[in-house]
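**Student:** Pasting a structure here, questions to come.
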Amino acid sequence: MPTGLDKLQHIVVLMMENRSFDHMLGSLKAADNRIDGVTDQLNNPDTTGALVKPQPLAQFQGQLDPDPDHHFPAVDLQIFGGSKAPDRQPDMQGFVKSYFNQRGDVAHSQKIMYYFKQADLPVLTTLALEFAVFNRWFASIPGPTICNRAFAHYGTSFGRVDMSPFDVIEPIKSIYTRLINSNPKRTAKVYYYDTTSSTMEVVNLLQNQPELFGTHQQFLSDCDKGLLPDYCFLEPNYNDHETDSGEQVANDQHPDHDVQAGELFIAEVYMRIKRNPKLWASTALLIVYDEHGGIYDHVVPPACPPDNFTASANNTGTGMEFKFDRLGVRVPAILVSPWIPKNTVENRVFDHASIPGTVTKFFLGDFAARSPREVNADVFIEPQASPRADRNLLSLDTMRTDCPEFDV
Amino acid sequence: MALIHVPRPSPKAMNPNRPVSSLLLTQVEHLQHAERRLPLRYRTEIYTHAIKTEAEAAAYIDQVTKAIHEAHADAAGRRAQRPKPKGGRKTRGAAERPKRKLRKKVSTPRKKKTPHKK
């Protein structure tokens with residue numbers, strides 16, 4: 001049995017906003033050929049028919065304005081290139097066309113293909129190369145934020161493909177409720193940045209169970225004091241605002257927020273865990289993005305077993321119903337732990353339903369009331385007793401002492 | 001391993017007057033949904049349709065989030081202060097429940113109605 005798994009007591013998930021895998025980590029193909037990033041063969045047609053290649057010209061801010069469309073119909077265009085045929089196949093050829101629809105500017109629409117150079121993102125790219133990077137982590141739905149984040153909390157969006165408030169349908173419960181109601185009792189928390197940024201899970205969690213929430217300052221303090229719950233979910237700062245302690249720049253990386261502010265935030269979370277030796281040895285940190293934000297990625301999202309819900313043609317806005325049987329666009333995902341071998345590249349398919357799926361399986365074992373999507377989602381940490389424990393990413397017998405440090 | 005430098009965001013990154021994004025407008029809409037379920041005294045007087053910038057959205061998000069926490073804390077405080085019923089509210093299992101004394105049923109024969117004398 002891997003020692004890291006024996007020691008594991010905390011799972012921390014940090015979910016950032018709206019960036020695709022190729023956009024953030026595509027440059028790493030040049031550093032490690034196993035990472036499925038950007039190559040010279042990739043392209044997308046613009047509205048004149050010219051082929052646009054991905055280029056390492058992404059900027060931290062000011063480039064993706066207006067915010068690229070990532071509602072269901074736009075993502076359908078991005079994935080299927082505009083085809084509505086019954087036998088259509090996804091080809092990832094509609095990103096430039098989709099962005100053109102917003103400003104009608106051919107030159108501007110090509111910026112949706114831009115990606116960051118490795119040196120631009122020292123935090124995210126270092127963590128990807130030092131720990132485990134996922135080649136196949138997809139958003140749960142080819143759609144926007146709220147329904148995708150719902151999958152991270154509940155393992156389903158209860159039939160929603162949009163930004164509307166959703167009702168939790170029994171018997172499914174949030175991962176937090178499952179944990180705090182378990183016997184023996186487990187602990188769980190959502191740390192939003194502060195009350196001015198708040199949470200994106202307002203209607204069900206904040207409204208009905210505000211005691212589940214803490215702030216980023218409390219997270220930092222809980223790390224120092226060794227009081228981190230068994231499972232916690234971190235939310236970045238979603239808006240620019242002033243506080244008594246000064247200016248708080250949005251660090252969620254949602255276009256057009258500054259990407260470097262997000263880098264700093266990720267580094268701060270990582271370093272705070274790392275600086276407490278007991279916590280560092282007993283924590284796995286997953287850094288993942290909720291969806292691609294309309295930005296180019298080249299990997300076709302795979303089909304998946306359907307959920308128990310169907311979104312009507314009216315709700316999808318495409319003229320076609322959706323049975324939750326295809327994943328969304330690929331997003332960056334990195335698992336961090338000193339028990340993971342350096343430079344691990346994971347090729348199994350995951351989506352956000354893997355988050356409650358993994359946490360439930362690891363802390364609670366069997367749990368019946370789960371969505372079909374969650375039941376079918378792969379887990380990124382196998383419990384000790386699992387017959388599949390041999391494929392665990394936390395596979396080292398000795399804890400690493402060569403892990404990177406950031407100056408935050 | 002050498003310490004890796006993390007570049008700080010440009011001072012120009014901060015722009016509270018940035019037009020509010022559809023994500024923040026959604027968050028405002030969800031908070032408004034939650035606000036409508038709060039008792040009147042906790043509600044803000046902010047007209048959300050007038051929100052145009054991030055700073056305005058942030059101000060509303062802050063007030064409603066605090067109000068939700070305050071309303072729940074007050075409700076919890078009131079529940080704690082409520083006088084407990086005598087003997088507590090312990091619910092005991094059926095096995096522990098003291099048996100009620102069974103009253104001996106005494107059947108008293110009903111008096112026969114005597115017909116009114118005319």
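**Student:** Which listed residue (A:V38, A:T195, A:I266) has the Cα farthest towards the positive end of the charge dipole for chain A, taking +1 on Lys and Arg C-beta and -1 on Asp and Glu C-beta about the Cα centre?
**Tutor:** Toward the positive end, the furthest listed residue is A:V38.
**Student:** Using a 1.4 Å probe over the heavy atoms of the protein chains, calculate the carbon and sulfur portion of the accessible area of chain A as a whole percent. If you can, show how the numbers build up before the last one.
**Tutor:** Values: 6600 of 13740 Å².
Heavy-atom surface of chain A belonging to carbon and sulfur, 1.4 Å probe: 48 percent.
**Student:** To the nearest 500 deg cm²/dmol, what mean residue ellipticity at 222 nm is calculated for chain A from DSSP H runs of n ≥ 4 alone, each contributing -39,500 (n - 2.57), summed and divided by the residues? Working shown, then result.
**Tutor:** Working: 14 runs with 107 residues, N = 408.
One gets -7000 deg cm²/dmol as the mean residue ellipticity at 222 nm.
**Student:** With each label point set 7 Å from Cα along the Cα-Cβ vector, what nm distance links A:R275 and A:D32?
**Tutor:** 2.7 nm
**Student:** I want to check the label-to-label distance for A:D244 and B:S22. Put each point 7 Å from Cα in the C-beta direction and report it in nm to one decimal.
**Tutor:** 3.8 nm
**Student:** Express in nm, to one decimal, how much length is gained between A:K342 and A:S221 on full extension, taking 0.36 nm for each residue of separation and deducting their alpha carbon distance. Spell out each step's value before the answer.
**Tutor:** Details: separation 121, 0.36 × 121 = 43.56 nm, distance 2.86 nm.
Roughly 40.7 nm would be gained on extension.
**Student:** For the residue pair A:A85 and A:K117, what label-to-label distance in nm results when each label sits 7 Å from Cα along the Cα-to-beta-carbon direction?
**Tutor:** 4.2 nm
**Student:** Taking only C-alpha pairs under 8 Å that are 6+ residues apart, what is the relative contact order of segment B:16-80 in percent? Provide the component values of the computation, followed by the final result.
**Tutor:** Working: 47 pairs, mean separation 28.8, N = 65.
So the answer I get is 44 percent.
**Student:** Right, another one. Can you spot the aspartates and glutamates whose alpha carbon is less than 14 Å from A:K189's alpha carbon? Ignore those fewer than 8 places along the same chain.
**Tutor:** A:E201, A:E211, A:D222, A:D230, A:E235
**Student:** Still on this structure, please answer the following. I want to make sure I understand the PRE zone here: with the label point 7 angstrom from the Cα of A:N181 toward its beta carbon, which residues in segment A:349-391 have backbone N atoms less than 12 Å away?
**Tutor:** A:368-370
**Student:** Averaged per residue, what accessible area in Å² does chain A show with a 1.4 Å probe, protein chains only? Could the numbers behind the result be given before it?
**Tutor:** Details: 13740 Å² over 408 residues.
Here the per-residue accessible area is 34 Å².
**Student:** In Å² (nearest 100), what accessible area is buried between B and A, both sides summed, heavy protein atoms only, 1.4 Å probe?
**Tutor:** Details: alone 12030 and 15490 Å², together 23880 Å².
Roughly 3600 Å².
The values are calculated or read from the model by the stated rules, or taken from the named source; none is laboratory data. Bear in mind that the values here come from a model prediction, so they are computed numbers and not experimental data. Reconstructed Cβ throughout: ideal geometry from the backbone, glycine too, with neighbour counts over all protein chains shown. Only protein heavy atoms, including side chains, enter the accessible area calculation; ligands, DNA and RNA are left aside. Shrake-Rupley method; radii C 1.70, N 1.55, O 1.52, S 1.80 Å.
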